[in-house]
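Trainee: Got a structure for you, questions after.
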Amino acid sequence: MGRLVWLIFAIFLAFSQKCQGKIEENDVNEGPFKVYRIVPTTGWQLEEMIRIFENADSEEADFWHPPSVVNQTVDVMVSPKNTRFFEKFLQNGSFPFEIAIKDLKKKLIEKEGDEKLSRFSRSRRIFVEKIMRDGPGSGLVMGEYYGYATIVDWMKRIADRMPRLASILEIGRSAEGRGIFGIKLGHDDGRKPIVVIDAGIHAREWASIHTAMYFINLMANGHDSDPWIRSYFDNIVLYILPVLNPDGYEFTRNDRTNPRSRMWRKSRSQQRCAWDGQSTKCCHGVDLNRNFDFRFGEVGASRYPCSEIYHGESAHSEPETRAFANFLMNLGDRLKGYITLHAYSQLWIYSYSHRKFTYPANIEEIRNVAARAVAALGREFGTRYQYGTGPEIIYAFSGGSTDWATEKLRVKYSYTLELRPTYEEWNGFVLDKRQLIPTAKETWAGVKVVIDQIILEYRTKIARVFRQRVNAEALEKAEQRRISLKGKCSDESQSCLHWRSQNPDICRTSQSAMLRECPNMCDLCHLVLP
Ligand SMILES: [Zn+2]
């Protein structure tokens, strides 16, 4: 029965996949994009879902929350022309399901606003920009989304205003030729530990980009007013790269209320073609977070170019991945923390995520910091996060950036964060704008735990090195004194030479008696002379 259901769906998918790689105007007129929430309750229902997930074209069935275990929800966005078929498929297979979002376009307008539609938001922005223009981190109001050029320009202005504290960096270029920019924050003495935070490797995860920008804003504005922030400038070097996939991000912004573009996940690299059994199909883009050189292509990734989790031709085949991997490698062993921001599900994920129960050697420390970070995050607004490895709390995947950093670069604290909302909520990637600042604020509370731990370990190490140096200097001084006073005192007893002939080791074995009786013979003048 399962096989039959799958076949029907496969045939319908093949039938419906005529036009790839471009946005179809017709969809918008045909009817709404819908998001379905399905709960596979049996083994074969789960298998069917996984089969669709691995084979489906992301333009037809886009998995927002992929299938992982029985009884865990699966969220799928389905294009207008496929909703009828999809519902039939679910009914035939007796899948329990609900329609989570009846009209995604409507939801996008309602939750993310359209600048043309929201005059209030535009006038508020102009007003606040005006009064903030001269501050150090000024220029952009938080709680809004911005285009890539605006974000880069904003980072440049911050770096210009804080020349000794911040600088801009370009790690490489994207497939479409955009510079991939980040900002460096902190007094770099060449020794301090480094923490790297990135966001936006998945194009549609806008809340992650906003969160990274919020961190930059906090650091830029906090140096003069917040002692805690100032201590970060003094004790670490922090790199923040808010948009690792600028091509994808710009693509999602092109037609923001069209789910086909707004919900794009991958990069926008050149089309790759593959035979799907019915026809040759070509699609743009690679899932950059499946393209890293860690267990490449093993699990939770697809070799099919039209899949939303297409891993690319080979590890680091994509310019964005290569640029970022080289950037991290060049930081050397000062790189102690790496955090990548994603959305959504409220998870704090650590290594390794390709297989259950595989961990790095220092898993206890990694888990302990994650637990404390999640607790600190929750104290802000009561938001609850789960922590664990990918397969423990969401699903197994390989080729991700944090696992690569853990294994290949030995980065001690390497975490993937999935921000709000929880997957029990219906909104998925369409986070209400009013939640953006609270989301960023609570995430910062968690990130601070990681940074503070790295600073503590660094200072402990510095203190130990300092103690060792002081001890070594004291020993060296004593030795010099011993040499300079050699033979400068006299022995009390006449029998010194005799005693030593009886016991050659007597200077060492009876040191206190020899110090009194034979200091000169035993080379102890430095201890008896003033
Ligand atoms: Zn993501």
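Trainee: Going by the structure shown, is residue 402 more than 19 Å from residue 218 (Cβ to Cβ) and within 16 Å of the ligand (Cβ to nearest atom)?
Mentor: Values: more than 19 Å from residue 218 (Cβ to Cβ): yes; within 16 Å of the ligand (Cβ to nearest atom): yes.
Considered against the rule, which asks whether it is more than 19 Å from residue 218 (Cβ to Cβ) and within 16 Å of the ligand (Cβ to nearest atom), residue 402 comes out as yes.
Trainee: On to the next question. The conditions are (1) away from the ligand (no atom under 16 Å from the Cβ); (2) part of a loop (DSSP other than H, G, I, E, B); (3) not β-branched (Val, Ile, Thr), and residue 266 fails exactly one of them. Which is it?
Mentor: Failed condition: (1).
Trainee: Residues of the range 376-405 being among the hydrophobic types (A, V, I, L, M, F, W, C) and in contact with a helix residue (DSSP H, G or I) (Cβ under 8 Å, 6 or more places away or on another chain), which ones? It would help to see each step written out before you state the result.
Mentor: Restricting attention to the range 376-405, the residues satisfying the condition of being among the hydrophobic types (A, V, I, L, M, F, W, C) are 376-377, 381, 393-394, 396-397, 404-405.
Across the range 376-405, the qualifying residues are 376, 377, 381, 396, 397, 404, 405.
Trainee: Answer yes or no as to whether residue 321 is at pLDDT 95 or above, of a type in the set (Ser, Thr, Tyr) and more than 16 Å from the ligand (Cβ to nearest atom). Show your work before the answer.
Mentor: On the way: at pLDDT 95 or above: yes; of a type in the set (Ser, Thr, Tyr): yes; more than 16 Å from the ligand (Cβ to nearest atom): no.
So residue 321 fails the test.
Trainee: Could you tell me whether any residue of the range 204-221 is modelled with pLDDT under 95, farther than 16 Å from residue 448 by Cα and not small (Gly, Ala, Ser)?
Mentor: Yes - at least one qualifying residue is present in the range 204-221.
Trainee: Taking the conditions exactly as written (loosely packed, with under 11 Cβ neighbours inside 10 Å, at pLDDT below 90 and not in a helix (DSSP H, G or I)), does residue 530 satisfy them or not? Break it down stepwise before answering.
Mentor: On the way: loosely packed, with under 11 Cβ neighbours inside 10 Å: yes; at pLDDT below 90: yes; not in a helix (DSSP H, G or I): yes.
In short, yes.
Here is a yes/no grid of residues against (1) more than 22 Å from residue 74 (Cβ to Cβ); (2) within 16 Å of the ligand (Cβ to nearest atom); (3) polar (S, T, N, Q); (4) more than 14 Å from the chain's Cα centre (by Cα):
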residue: 357; (1), (2), (3), (4): yes, no, no, yes
residue: 360; (1), (2), (3), (4): yes, no, no, yes
residue: 379; (1), (2), (3), (4): yes, no, no, yes
residue: 383; (1), (2), (3), (4): yes, no, yes, yes
residue: 390; (1), (2), (3), (4): no, yes, no, no
residue: 415; (1), (2), (3), (4): yes, yes, no, no
residue: 421; (1), (2), (3), (4): no, yes, no, yes
residue: 433; (1), (2), (3), (4): yes, no, no, yes
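Trainee: Which members of the range 248-263 meet the condition of being more than 13 Å from the ligand (Cβ to nearest atom) and part of a loop (DSSP other than H, G, I, E, B)? Lay out the reasoning, then the answer.
Mentor: Here is the first cut: in the range 248-263, the residues more than 13 Å from the ligand (Cβ to nearest atom) are 250-251, 253-262.
Matches in the range 248-263: 255, 256, 257, 258.
Trainee: Going by what's in this entry, would residue 378 be described as among the small types (Gly, Ala, Ser) and farther than 24 Å from residue 69 by Cα?
Mentor: Numbers: among the small types (Gly, Ala, Ser): yes; farther than 24 Å from residue 69 by Cα: yes.
Yes.
Trainee: Here's another thing I want to ask about it. Filter the range 300-325 for residues that are out of contact with any Phe, Trp or Tyr (no Cβ under 6 Å at 6 or more places or on another chain) and among the aliphatic types (A, V, I, L, M) and give the result.
Mentor: 301, 309, 323, 325
Trainee: Applying the selection to the range 204-217, what residues are within 8 Å of the ligand (Cβ to nearest atom) and assigned to a loop (DSSP other than H, G, I, E, B)? Write out each step before concluding.
Mentor: Initially, the range 204-217 is screened for residues within 8 Å of the ligand (Cβ to nearest atom), giving 205, 208.
205 - this is the single residue of the range 204-217 that is within 8 Å of the ligand (Cβ to nearest atom) and assigned to a loop (DSSP other than H, G, I, E, B).
Trainee: Further, regarding this structure: Here is a list: 272, 265, 253. Which entry is modelled with pLDDT of 95 or more, more than 27 Å from residue 32 (Cβ to Cβ) and charged (D, E, K, R)?
Mentor: Numbers: 265 fails: more than 27 Å from residue 32 (Cβ to Cβ); 253 fails: more than 27 Å from residue 32 (Cβ to Cβ).
Being modelled with pLDDT of 95 or more, more than 27 Å from residue 32 (Cβ to Cβ) and charged (D, E, K, R) holds for just one of 272, 265, 253, which is 272.
Trainee: Going by the conditions given, is residue 201 within 17 Å of residue 250 (Cα to Cα) and within 16 Å of the ligand (Cβ to nearest atom)? Before you say what the answer is, go through the steps one by one.
Mentor: Values: within 17 Å of residue 250 (Cα to Cα): yes; within 16 Å of the ligand (Cβ to nearest atom): yes.
Answer is yes for this residue.
Trainee: In addition: So, residue 192, is that one at pLDDT 95 or above, surrounded by fewer than 24 Cβ atoms within 10 Å (Cβ to Cβ), away from the ligand (no atom under 16 Å from the Cβ) and over 20 Å from the mean Cα position of the chain (by Cα) or not?
Mentor: Working: at pLDDT 95 or above: yes; surrounded by fewer than 24 Cβ atoms within 10 Å (Cβ to Cβ): yes; away from the ligand (no atom under 16 Å from the Cβ): yes; over 20 Å from the mean Cα position of the chain (by Cα): yes.
Judged against the criteria, residue 192 is a match.
Trainee: To continue, here is another question. Name the residue, out of 451, 483, that is in contact with a strand residue (DSSP E or B) (Cβ under 8 Å, 6 or more places away or on another chain) and in a helix (DSSP H, G or I).
Mentor: Working: 483 fails: in contact with a strand residue (DSSP E or B) (Cβ under 8 Å, 6 or more places away or on another chain).
Sole residue among the options that is in contact with a strand residue (DSSP E or B) (Cβ under 8 Å, 6 or more places away or on another chain) and in a helix (DSSP H, G or I): 451.
Trainee: For the condition among the hydrophobic types (A, V, I, L, M, F, W, C) and in contact with a strand residue (DSSP E or B) (Cβ under 9 Å, 6 or more places away or on another chain), what is the one hit in 465, 369, 470?
Mentor: Values: 465 fails: in contact with a strand residue (DSSP E or B) (Cβ under 9 Å, 6 or more places away or on another chain); 470 fails: in contact with a strand residue (DSSP E or B) (Cβ under 9 Å, 6 or more places away or on another chain).
Going through 465, 369, 470 in turn, the sole match is 369.
Trainee: I've got another one for you. Show the residue pairs that are 6+ apart or on different chains and have beta-carbon atoms under 8 Å apart, the first residue being within the range 380-403 and over 19 Å from residue 289 (Cα atoms), the second being acidic (Asp, Glu) and surrounded by fewer than 24 Cβ atoms within 10 Å (Cβ to Cβ).
Mentor: As it stands, the answer is 380/442; 381/442; 383/442, since those pairs meet every condition given.
The values are calculated or read from the model by the stated rules, or taken from the named source; none is laboratory data. Remember, it's a predicted structure, so these values are computed and weren't measured experimentally. So basically every Cβ, Gly included, is an ideal-geometry build from the backbone, and we count neighbours across all protein chains shown.
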